[in-house]
Amino acid sequence: MKRISLPVFLVSALALAASPLTGCTGNRGGKKEEAAAAGPAAAGGGLVTMDQVDDSLTSKITGERFRVTYNDKDQVKGATDPLVTIVEFSDFQCPFCSKFTDMLNELIKDPAYANDVRVVFKQYPLPMHKDAAMGSEAALAAGEQGKFWEMHDILFKNQKAMTRADVEKYAEELKLDMAKFKATLDAKTFQAQVNEDMALGKKFGVRGTPSFFINGKWQRGAPRTIDGLKKLVDEEKAAAEQLIKDGSKRSEVYARIMKAAKDERKEPPPENKPKVGEPDPAANYAVPVDGRPAFGPADALVTVIEFSDFQCPFCNRVTPTLKQIKEKYPNDVRVVFRQLPLGFHDRARPAAKASLAAAQQGKFWEMHDLLFANQKALTDADFEGYARQIAGLNFDQWKKDLADPKLEQMIKEDEQTAQKFGSNGTPAFYVNGRHLSGAQPFEAFQKLIDEEKVKAEKFLAEKKPAKDKLYEEMIKGFETELKVPPPPPPADFKRREVATKNLAGKGNLKNPKITVVECSDFDCPFCKRGADTVAQIVKEYGDKVAVYFRNYPLPMHKMAEPAHRAGIAAQNQGKFWEMHDLLFADKTKRSDEDFKAYAQQLGLDLVKFERDYNDAATAQRVKDDMAECGKMEVRGAPGFLINGRLMSGAQPIDRFKAVFEEELNGGFEATQKKEKEAAAKGGAPAKAPAPTPAPAPAPAK
């Protein structure tokens, strides 16, 4: 009877983005004695193949399960004879995968699960993580020398350092045969295996990481807590034990489940209906050109309007596709560029102005290409350097145009136009008004262009407009705006009793009219933006406002909790806000030595700082703050309680101001009262335009 001897089955899926195998023998995770250290499954035992079991118990296996199998090329760890097999699809540069890996390690080390759970690791490097594929091949190359899991652990601990030079350094640390390791990478020996893993994952619905299958049941994303994972395992363990009672041998459990599992996963067809607040891909929207920079003939049959951001990597990624469109349709397509600098890209707006200043001399596309080619070099000095490189550009005139307020007005008009038609992210395209979102491949554009070209030819033949006015005439019959529901209120309409005792505070702490309690995480980029906005608020509203800080380190940010303990230790010496600013300024400095250096920089008593930093009471205070934030219904970072009203996320300052002004004028209660009175009189009070809604907060990567 053929058996397998393997380590773990890991599967990862984060909402973004394999060939079934039947199992055989071998363990490429290392030598037997090394495997024994990694877990009992690696040292011996295995899995019976599907061919070696009958169908007698198939009817006993319930739930939707998929045939996610593994073979001697895969890396496994955990139980020798498992009741539960977890197959993980993972990406070494995905922070959520790192968190899930820690959770899995904790699970298989728990005596209650050590003999029952096996983990299998499948490679699923995402395109957005530029060095993840190198990490996958390096881990497998290390596995060839019996060091897969050691390399696995190093890669997850160094997610931002995964270049060829980095992985070679890690291989040297593991004392691998470097000539063999380098030759394996040079030959791309394991690229085919990585591709097989990804193909298997895609076949069964994996689109991102982490995704995992537990005894063939698909789970998207990592559970929030180890208890959530244990609950899933307990359910599958009970089902496996029942299968044994019904007549299965323990060694046959996974083979029988796979025998009953589906060989493919059919996703339901996507609905044609657009999501609320998003453009309908079947509709044509009257997005104007407004004299913005363009390439292609003015009398083109198809006009593609692009909303883009010079600091957005996805916008850069689609640039070759646009060049391909230009080559394929030299006489039929015009591409128009409109600006949509996103708020979290701090140099996108200045870059937009630099490009528009060049456009005043007919040199937009030259500057456009330089900006996208140098996305990490967008300082004012860089812009000047690019301007000097462009042949025929008068530098002094460019500098003068750069200071012209009309450029800022043009950008604002572009932003308003994008918002009007439902585009809140970049890149966004309108192909004769048909919406296309993201860095789509050439084929997606080609399909729409060809469809719209036929329609434009028909319009031209029937209506006979001047050819250079074709687009302007066509859009007269297009949708003039996106119909969307009113935006949600900036803050909710609920008052909570919010405690501030012992919290670090600033502003008017004696008699403020507005009290803000911020639940924040020092390693969250959205929290940094929120902190900057709060600083503006305090400056603008002066003694009307008090701001307090609660510690809310997210579990996904492994070094956030120590940073918060450093903040509390500094607070104990009256220097919280100074430490707060240092911690937000550089997320890479998170060692104990870094914190001590900050304390020394702030002139703190280092003995007391270290004692407080390591005090169990400090760690408990962080936990208490997190619990209090949860009690106040904060579900992500940052969360702001404004006079007890919850505002979630790093909202623009205008949304803060809207809530502040309402609070200074009696709060939402007064607003609702006025609306009721107006309704009773048969009218409605005049309302200011609702502020632009901000996206919900997302975990930082």
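When the square roots of the Cα gyration tensor eigenvalues are ordered a ≥ b ≥ c, the ratio a/c for the stretch 555-624 is 1.5 or more and a/b does not exceed b/c, which makes its shape oblate.
Of all DSSP-defined beta bridges confined to the chain, some 65% are antiparallel rather than parallel. Annotation note: trypsin sites (Lys or Arg not before Pro) in the stretch 540-600 located in DSSP loop regions with a Cβ neighbour count of at most 15 within 10 Å are Lys589. Let me make sure I get this right: for the stretch 117-189, a, b and c are the square roots of the gyration tensor eigenvalues over alpha carbons, sorted descending. Under 1.5 in a/c it's rounded, otherwise prolate if a/b > b/c, else oblate. Which is it? Because its axes are fairly even, with a/c under 1.5, the stretch 117-189 counts as rounded. Normalising the Debye intensity of the stretch 285-441 to I(0), with uniform scatterers on Cα atoms only, and taking log10 at q = 0.13, 0.18 Å⁻¹ returns -0.56, -1.11.
The calculated 222 nm mean residue ellipticity attributable to helices in the chain amounts to -13500 deg cm²/dmol, summing -39500 (n - 2.57) over DSSP H runs of n ≥ 4 and dividing by all residues. For the set Thr671, Thr303, Thr588, solvent exposure ranked by accessible area (probe 1.4 Å, protein chains only) runs largest to smallest as Thr588, Thr671, Thr303.
Dividing the C-alpha radius of gyration of the stretch 279-366 by 2.2 N^0.38 Å, with N its residue count, gives 1.13.
Quick one: grab the alpha carbon gyration tensor of the stretch 178-296, order the square roots of its eigenvalues as a ≥ b ≥ c, and give me rounded if a/c is under 1.5, else prolate or oblate depending on whether a/b is larger than b/c. Oblate, since a/c reaches 1.5 and b/c is not below a/b.
Full extension of the chain between Gln600 and Glu173 yields a length gain of 150.4 nm, computed as 0.36 nm times the residue separation minus the alpha carbon distance. Sorting Ser90, Ser59 by accessible area puts them as Ser59, Ser90; the probe is 1.4 Å, largest comes first, and only protein heavy atoms count. Backbone geometry of the stretch 594-604 corresponds, through the Karplus equation with coefficients 6.51, -1.76 and 1.60 at θ = phi - 60°, to 3J(HN,Hα) couplings of 4, 5, 5, 5, 4, 4, 5, 4, 8, x, 7 Hz, x marking Gly and Pro. Please give the Cα centre distance for the stretch 648-664 versus the stretch 507-543, rounded to the nearest Å. If we compute the Cα centre of each part, the gap is 11 Å. Multiplying the residue separation of Asp380 and Ala627 by 0.36 nm and removing their Cα-Cα distance gives an extension gain of 84.5 nm.
If you wrap the Cα atoms of the chain in a convex hull and average its projected area over all directions, you get 39.3 nm².
On full extension, the segment bounded by Gln397 and Lys412 gains 3.1 nm, given 0.36 nm per residue less the C-alpha separation.
Over 20 Å apart: what share of the alpha carbon pairs of the stretch 386-528 falls there, rounded to a whole percent? Across the stretch 386-528, Cα pairs with separations above 20 Å total 75 percent.
For the stretch 451-520, a Kirkwood hydrodynamic radius built from all Cα pairs, placed in the Stokes-Einstein relation at 20 °C and 1.002 mPa s, yields a translational diffusion coefficient of 116 µm²/s.
Counting only the Cα atoms, the stretch 215-268 fills a convex hull of 100 Å³ per residue.
The values are calculated or read from the model by the stated rules, or taken from the named source; none is laboratory data. From a predicted model like this one, the values you see are computed outputs, not experimental measurements. Reconstructed Cβ throughout: ideal geometry from the backbone, glycine too, with neighbour counts over all protein chains shown. Heads up: the accessible areas ignore ligands, DNA and RNA and are worked out on the full protein's heavy atoms, side chains in. Shrake-Rupley method; radii C 1.70, N 1.55, O 1.52, S 1.80 Å.
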